[in-house]
Amino acid sequence: MTGLSRRILLQRGAHIGLSLFGMGALGLGTQAAWADDLRVGLPAPVAVLHTLDGLTLSTADLRGEVVILTFWATWCDPCRQELPVLSRYAAEHAAQGLRVLGFCLDGPERLPQVRAVAETLSFPVGLLPSPWFGGYGRIWRIPVSFVIDRAGRLADNGWNDPHPAWTQDRLRRVVGPLLA
């Protein structure tokens, strides 16, 4: 799937949602749009970020830290609004053991735009090579984030958040207690 096709599909999915029937009709298979086994309090699926700088970061190596996995795109207005909020919060709480890993859904043809946004952020960013992301399911709605506690358990399931964009209040409420 080309980057443009993926962008159009993600935009449509973000605005109208995609049923399993609709995804099958589009030739995307019949996998669930989200991960049914993803449960708060259970071990979080391992996530690996290949950063724009060539590093590989795995949540398995970040045990003992609170980790936010955030999924965004340069063309997503709500994403662009939340990224500075999340970046400031991450910088302010890094000493308390907060790590943010940013997964961008733009295709490689938009790498200059992704790099321009990434340069303004306090956390590492990489391109998501496919909208399917292991145990987290198909990333069909953005922004969406998942929070992993210090023990490697899922602390916040972004699929369950009706208003998933990060705000200062939501960060204090969801992430703050994990950092204490």
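The values are calculated or read from the model by the stated rules, or taken from the named source; none is laboratory data. Only a predicted model underlies this, so the values are computations on that prediction, with no experimental measurement involved. When we count neighbours, we look across all protein chains shown, and the Cβ atoms used for this are built from the backbone with ideal geometry, even at glycine.
Provide a single number: the residues in the range 118-131 that are buried (at least 19 other Cβ atoms within 10 Å of the Cβ) and out of contact with any Gly (no Cβ under 9 Å at 6 or more places or on another chain).
Within the range 118-131, residues that are buried (at least 19 other Cβ atoms within 10 Å of the Cβ) and out of contact with any Gly (no Cβ under 9 Å at 6 or more places or on another chain) number 1.
Being touching a residue at least 40 places away in the same chain (Cβ under 8 Å) and on the phi > 0 side of the Ramachandran plot is true for just one of Gly126, Gly97, Gly135. Which residue is that? Explain how you work it out, then say what you get.
Numbers: Gly126 fails: on the phi > 0 side of the Ramachandran plot; Gly135 fails: on the phi > 0 side of the Ramachandran plot.
Testing whether each residue is touching a residue at least 40 places away in the same chain (Cβ under 8 Å) and on the phi > 0 side of the Ramachandran plot leaves just Gly97.
In the range 75-85, what residues are part of a helix (DSSP H, G or I), more than 23 Å from Gln96 (Cα to Cα) and touching a residue at least 24 places away in the same chain (Cβ under 8 Å)?
Pro78, Cys79, Arg80, Gln81
In this structure, is Val67 at pLDDT 95 or above, within 17 Å of Val40 (Cα to Cα), buried (at least 16 other Cβ atoms within 10 Å of the Cβ) and under 15 Å from the mean Cα position of the chain (by Cα)?
Considered against the rule, which asks whether it is at pLDDT 95 or above, within 17 Å of Val40 (Cα to Cα), buried (at least 16 other Cβ atoms within 10 Å of the Cβ) and under 15 Å from the mean Cα position of the chain (by Cα), Val67 comes out as yes.
Quick one: count up the residues across the range 100-117 that are under 27 Å from Gly64 (Cα atoms) and either of a type in the set (A, V, I, L, M, F, W, C) or surrounded by fewer than 21 Cβ atoms within 10 Å (Cβ to Cβ) (or both).
Adding up the residues that qualify gives 4.
Give the residues of the range 132-164 that are aliphatic (A, V, I, L, M) and surrounded by fewer than 20 Cβ atoms within 10 Å (Cβ to Cβ), sorted by residue number.
Across the range 132-164, the qualifying residue is only Ala151.
Could you check the range 44-70 and list, in sequence order, the residues that are touching a helix residue (DSSP H, G or I) at 6+ places or on another chain (Cβ under 8 Å) and touching a residue at least 24 places away in the same chain (Cβ under 8 Å)?
Ala44, Pro45, Val46, Ala47, Leu52, Val66, Val67, Ile68, Leu69, Thr70
Pull up the range 28-57, narrow it to residues that are within 16 Å of the chain's Cα centre (by Cα) and modelled with pLDDT under 95, then point me to the one that is surrounded by the most Cβ atoms within 10 Å (Cβ to Cβ).
Top of the filtered list is Ala33.
Taking the range 91-106 on its own, how many of its residues are touching a helix residue (DSSP H, G or I) at 6+ places or on another chain (Cβ under 9 Å) and not polar (S, T, N, Q)?
Adding up the residues that qualify gives 10.
If we only count strands (runs of 3 or more DSSP E) wholly inside the range 33-74, which ones have 3 or more residues that are closer than 18 Å to Gly152 by Cβ, in contact with a Leu (Cβ under 9 Å, 6 or more places away or on another chain) and β-branched (Val, Ile, Thr)?
Hits in the range 33-74: 66-72.
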